[in-house]
1. Quick one: A:Asn259 ticks every box in (1) open to solvent by less than 30 Å² (accessible area, probe 1.4 Å); (2) away from chain C (no Cβ under 12 Å); (3) not in a helix (DSSP H, G or I) except a single one, so which number is it?
2. So B:Pro190 ticks every box in (1) farther than 24 Å from B:Gly162 by Cα; (2) open to solvent by 30 Å² or more (accessible area, probe 1.4 Å); (3) assigned to a strand (DSSP E or B) but one. Which box is left unticked?
3. Can you tell which of B:Cys309, B:Cys323, B:Cys327 is touching a Cys at 6+ places or on another chain (Cβ under 8 Å) and closer than 22 Å to B:Thr153 by Cα?
4. Is it true that some residue in region C:84-91 is in the same structural domain as C:His44 (by TED's automatic domain parsing), over 14 Å from the mean Cα position of the chain (by Cα) and more than 26 Å from A:Ser20 (Cβ to Cβ)?
5. So if I check each of B:Ala628, B:Ala611, which one is buried (at least 24 other Cβ atoms within 10 Å of the Cβ), more than 14 Å from chain C (Cβ to nearest Cβ) and more than 16 Å from ligand 2 (Cβ to nearest atom)?
6. Of C:Glu15, C:Glu48, which residue is more than 9 Å from every other protein chain (Cβ to nearest Cβ), assigned to a helix (DSSP H, G or I) and either within 16 Å of ligand 2 (Cβ to nearest atom) or open to solvent by 40 Å² or more (accessible area, probe 1.4 Å) (or both)?
7. How about region B:642-756: which helices (runs of 4 or more DSSP H) wholly inside it have at least 2 residues that are open to solvent by less than 30 Å² (accessible area, probe 1.4 Å), under 26 Å from B:Ala89 (Cβ atoms) and not β-branched (Val, Ile, Thr)?
8. Checking the structure you have, find out if any residue of region C:112-119 is facing chain A (nearest Cβ under 8 Å), at pLDDT 90 or above, in a loop (DSSP other than H, G, I, E, B) and open to solvent by less than 60 Å² (accessible area, probe 1.4 Å).
Amino acid sequence: MAKKTYSFYPGCSSQTKASSDNYLKSTNSMCKYLDIELKEIPDWNCCGASIGYAEGGELPRIALSARNMALSEQHNPGMDLVATCAACWLSTREAKERIAHSSQTLSEANTALAEAGLSYKGNQAARHMAEVLVEDFGFDELKRGVKKPLQGIKFAGYVGCQTNRPFGLAGESFENPKYLDNLVEAMGGEAVPYDQKVTCCGGALAFSEPEKSQKQIKDIIESAYDHGAEMIVTPCPLCQANVEIYQGEVNKRFGTKFNIPVTYYSQLITVAYGGTAAEAALDGQLIRATRLEDIAKK
Amino acid sequence: MADMKVAAYICQGCGLGERLDTAALASVAKKEGKAALIKEHEFLCNADGIKMIRDDIANEAVTHVMIGACSRRAKTEAFGFTDVCVSRANLREGVIWSQPETEEARETTQEMAEDYIRMGCAEVKKMTLPEGDPAAVTERTLLVVGGGVSGMTAALEASKAGYKVVLVEKSGALGGWAAKLHKRTPGKSPYKDPQNTPVAEMAAAIEADANIKVYLNASTSKTSGAPGRFEIEISTESGSTTIEKVGAIVQATGFELYDANKLPELGYGKSANVVDQAGLEALAKAANGSPIKRPSDGGEVKTVVFVQCAGQRDDSGKHLPYCSGSCCLTSVKQAMYFKEANPDIDTVVIYTDLRMPGNGEDFYRSGQEKGVIFTKGKVSGVEAAGNQCKVSFQDLILNDQVAIDNADLVVLATGQVPNSGVDIDTKLKAEIAAAAGDNSLMEAYTASQQEGAVQPISMLNLTYRQGPDVPQLKYGFTDSHFICFPYETRRTGIYSAGPVRRPMDMVQAMEDATGAAMKAIQAIENAGLGRAAHPRSGDLSFPKVRLEGCTQCKRCTVECPFGAIDEDEKRFPLFNQARCRRCGTCMGACPVRVISFENYSIDTVGSQLKAVDVPDEFSEKPRILILACENDAYPALDMAAMNRNVYSAFVRVIPVRCLGSVNTIWINDALSSGYDGVMMMGCKHGDDYQCHFVKGSELANIRMSKIGDTLKNMSLEEERVSTFEVAITDIERVPQLINDYAALIQKIGMSPMKGF
Amino acid sequence: MSENYRNNFLKEVEERVEEGHWVKMCMQCGVCAGSCPLGAHWAHPPQELFMMIRAGKREEVLTSDSMWMCTSCYNCVVRCPRKLPITHIMHGLANLAYRLGLSPKNQTTQKFASMFWNNLAQTGRVNELKLSLGMYFKDGFGQGIKNAMAMQSVGLGMVKAKRLNPMELFGGHGIKDKSGFHAMLKKAREIEDRRKNFA
Ligand code: SF4
Ligand code: SF4
Ligand code: SF4
Ligand code: SF4
Ligand code: SF4
Ligand code: SF4
């Protein structure tokens, strides 16, 4: 297959030794197996996530994303911009749409960008890595590369909020998106049905409103457990972090005994494609995904 | 007519040949059915089978055909012979599809089939071919009563279809309610802004239309005759009268606004700044685009409050209990009058629910875009204070008792009260009760007539014995079968359209009027051919009465749901066949059984039920007669059979036109011939009736409530005669009803009346 | 003269709140109110906030901590039959309240949001360690030590899994063109303040 090249926006949490370092590593491995080249946007900045609003307001937030897109247009022309983080993707795509719908916003954004010597044209699509996999490859194609099927592992595909809403993947329902389950099955795993697939993990409020958010996290994990899942898989770094990191806290607060690994789809694909545990960055798990490690060792 | 020659045809197709002994059936038709010609055929409805029957009619002088095959509701075209009488023995749906395909069931299944052959033969012998009405005439002119948008639409549509129209309007100009409007709610895309009313345009089109004759300042002072030959006396205010002959009538007499004087708690009459929707239209018309001024002092209007459902959807019993379905749209439109003149005017619509029919949702959204504030709340009172009003309400979202105390104008959304004329039903109900021996209603009615209370003005002044206007259902709206025949009133050839039929807005009224005009045209044409309107469309038979036997009891005249029967000078019933829907209610009512149809009579049914072979008391084979309404219950039974929903083999089903046509003699006959039970299945009655003949099932119920005495006289349990409401969708329920009833009969035990 | 159920506050919201012109389009169906993950903790769910705005309850709306409960889950947005961008309106209301100094004292999400922004505005990228430490110490030094100790196991685990870099405290990630970046944000803020009438 021909090599595919994308303009890559890793985002803050996926930097080296940041909270989703393992996402970045496994994504790179996955791309190697799929013959995808990711050209990082030079000097990209933070997207503002969905918490920057109080101080940042509207236009400064749009300007953040516009700067990334302008840099991408300038340095990686002719490519689609691809993000792995749900919040990065959402902010970027949202800014893109706002600008597209209002000539005033376009000119204001460009006035601001001019201060940094940049200008935004709007000639690149803003996409999520999951879209690339589903739309540019497709499940049949993805299946073809599987060397070590994830036989017998039951996954709860946790899609969460921002990869799903408000944009989501074309053709998917907001209440029950199927692509993650399909991806799991394509890798030879088993996707269990459960009812908290698109429940909010609390997002940034896991930090500022811990009690309230941990109730969310508890519900998600509980439902995954109850439906027989051994592992959670997600496309979102915030989902991953919240659901994995706070399990200890949740156990303390609710008297539960949760200890379920939370992985990225990119880790699944890397392992299924024959990658090593290191390539899949399985050492980056707080709760070790031993069943994946076993397959990677085989 | 030539001598009767009965031919019986027994089909072996659709599995009949395998499940039944058709040779035995043929011999039943011969020995008991006394058919002169009997043929079995392996596939009766195919070209060969039909040709066989046709040839027999042509070459063997067959006059009566009994077809033992599928339900009478199947293959109607193939077996639709119009030159001979036809009966159908329902062997397929009625027998093999509703009975289990087991060896044990074989005997009872065959018995059932044989009975249906007996019944089919007995029935057909009692039938004669309908002659039709040789006197059928028709006038291809339509009378439209009411010159509002509904009436004008009906007139223009009928004219477009090539019919002449006489349009009668009580006021001096066309336009009705719409003529009072400054603008109308939009009737076409993009449903964003108020539009001009179509009044001027339509009035001009009517003026220019040679097919339409308009009487202004006029009323229909007398309406006599029947579809195809109505005679209308039109009186004008000047005192002149004219006679017009028309074939059908559209009544589009519209509505009045509910009287806001009944709402003093909402400030009406206490401040000039509280108006109803008509009042606001008048203000808007006067302002004609410039800002509307405060009525009390001509001051500037800064805040307008719209009070929805004023005197409507009321459960206290004081005001209208229903929703008029159009006043929410009107309030949005009226709020836009203000926003268009000055967007800074605050317009607040206080509603409990918003009803936005059709594309009204877009219009609502447009109102929001223009800055009209909608707030969910219940207004508790409006008080005048100087040139402003205080509107107190409960905010239902914020759960807060609040007030807007500086409203310059308050608009009350009162509702539509139909102009439907005289409510003839009170009298009718009293008469039915009186005929059944209860005079209390009649006394109450007579008393109310004497009090000198203001009587409503009749719209049509029908000379019908049953009263001067079309019957009403609820709240004064004209009665029509809202699911099946919405425009049809209970007077054949008279169609109601627009808000007199049910509350509605202009878009709906125009659609309604178009539909009613088309139905009226159909009625004109049917009258010319002497045919029935639906649900028995095309039926050429009509009730014939043997006056020699009539006791002048008047039950037929009173009970006919369609006002088809008048009285002649000698006080005998006088049937107007063009008004008749062929329901048979009169036949069911007649105590001396002198009313019948050529193809449906006391005898066609009576002979069927008597033809059934009733086994003796010790056989353990009860017989249950089912009289099933052909509109709903019988199709439900057929469909249940199609789903192979099995039911008791002891029932014998006879379809009837309507439960209203069931004469108690049939029940008596059934019980005395040893049937163990009678089930009557008809449509739902009451205010939300489903009965295709409106009153038939209700009347049957009243009649059957009296059957208790008969049962007592025969020392029979009262459960032996039961009435059931069955809808066409009851395909699971109907077999269950039958089986439950069969179990009940089993429990009560066999009738002691067998073998007499 | 009372100002309730008049358009004044609605007009202010339309001018100064992100996507505020949508507020008038709400049809009060309540679907959003049933969609918030932290729903039980909202004193006034979005539906109610919209009605309050239309009823002119400026003070009550802006001092409420309801909109600070929004997790940006977008559940309401995809469900709203009127397609209101509810999430952004919540953000916008929070922003307005914050800019006017009306948001409730010690609103933790508000503090975190400001900290986050300041963190990213400095270097162009978020420094997760500084951010989290900042969050723990937001209530003062003593409480901060307690908070940090309580979450110590989490922090250490993250360090072990190479997902939190203790060295970040002394620099860490950031973009190169900081001056251009700062100028851009300053300009954007200027334009926005002018448009929304924030002096
Ligand atoms: S459809 Fe009726 S007539 Fe035709 S083969 Fe079947 S049972 Fe006989
Ligand atoms: S249309 Fe609206 S105002 Fe009129 S009765 Fe119905 S709900 Fe009330
Ligand atoms: S058949 Fe029905 S409509 Fe006709 S006269 Fe008898 S009762 Fe009236
Ligand atoms: S019901 Fe029979 S007896 Fe009575 S008036 Fe009518 S026709 Fe005569
Ligand atoms: S879902 Fe939308 S329309 Fe419904 S109450 Fe919420 S904002 Fe209003
Ligand atoms: S985005 Fe905010 S307002 Fe909307 S449902 Fe989620 S938490 Fe509630």
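1. (1)
2. Among (1) farther than 24 Å from B:Gly162 by Cα; (2) open to solvent by 30 Å² or more (accessible area, probe 1.4 Å); (3) assigned to a strand (DSSP E or B), the lone unmet condition for B:Pro190 is (3).
3. Numbers: B:Cys309 fails: closer than 22 Å to B:Thr153 by Cα; B:Cys323 fails: closer than 22 Å to B:Thr153 by Cα.
Checking each option against the conditions leaves just B:Cys327.
4. The initial filter retains those residues of region C:84-91 that are in the same structural domain as C:His44 (by TED's automatic domain parsing), namely C:84-91.
Of the ones still in play, those that are also over 14 Å from the mean Cα position of the chain (by Cα) are C:84-85.
After this cut, where a residue has to be more than 26 Å from A:Ser20 (Cβ to Cβ) as well, the list is C:84-85.
Yes, some residue in region C:84-91 is in the same structural domain as C:His44 (by TED's automatic domain parsing), over 14 Å from the mean Cα position of the chain (by Cα) and more than 26 Å from A:Ser20 (Cβ to Cβ).
5. Details: B:Ala611 fails: buried (at least 24 other Cβ atoms within 10 Å of the Cβ).
Of B:Ala628, B:Ala611, the one residue that is buried (at least 24 other Cβ atoms within 10 Å of the Cβ), more than 14 Å from chain C (Cβ to nearest Cβ) and more than 16 Å from ligand 2 (Cβ to nearest atom) is B:Ala628.
6. Working: C:Glu48 fails: more than 9 Å from every other protein chain (Cβ to nearest Cβ).
Sole residue among the options that is more than 9 Å from every other protein chain (Cβ to nearest Cβ), assigned to a helix (DSSP H, G or I) and either within 16 Å of ligand 2 (Cβ to nearest atom) or open to solvent by 40 Å² or more (accessible area, probe 1.4 Å) (or both): C:Glu15.
7. Values: elements: B:664-672, B:696-704, B:707-713, B:733-748.
Filter on region B:642-756 gives B:664-672, B:696-704, B:733-748.
8. So far as region C:112-119 goes, no, none of its residues is facing chain A (nearest Cβ under 8 Å), at pLDDT 90 or above, in a loop (DSSP other than H, G, I, E, B) and open to solvent by less than 60 Å² (accessible area, probe 1.4 Å).
The values are calculated or read from the model by the stated rules, or taken from the named source; none is laboratory data. Since this is a predicted model, take the numbers as computed values, not measurements. With ideal geometry, Cβ positions are generated from the backbone for all residues, glycine too; neighbour counts draw on all protein chains shown. With ligands, DNA and RNA removed, areas are computed over all heavy atoms of the protein, side chains included. Shrake-Rupley method; radii C 1.70, N 1.55, O 1.52, S 1.80 Å.
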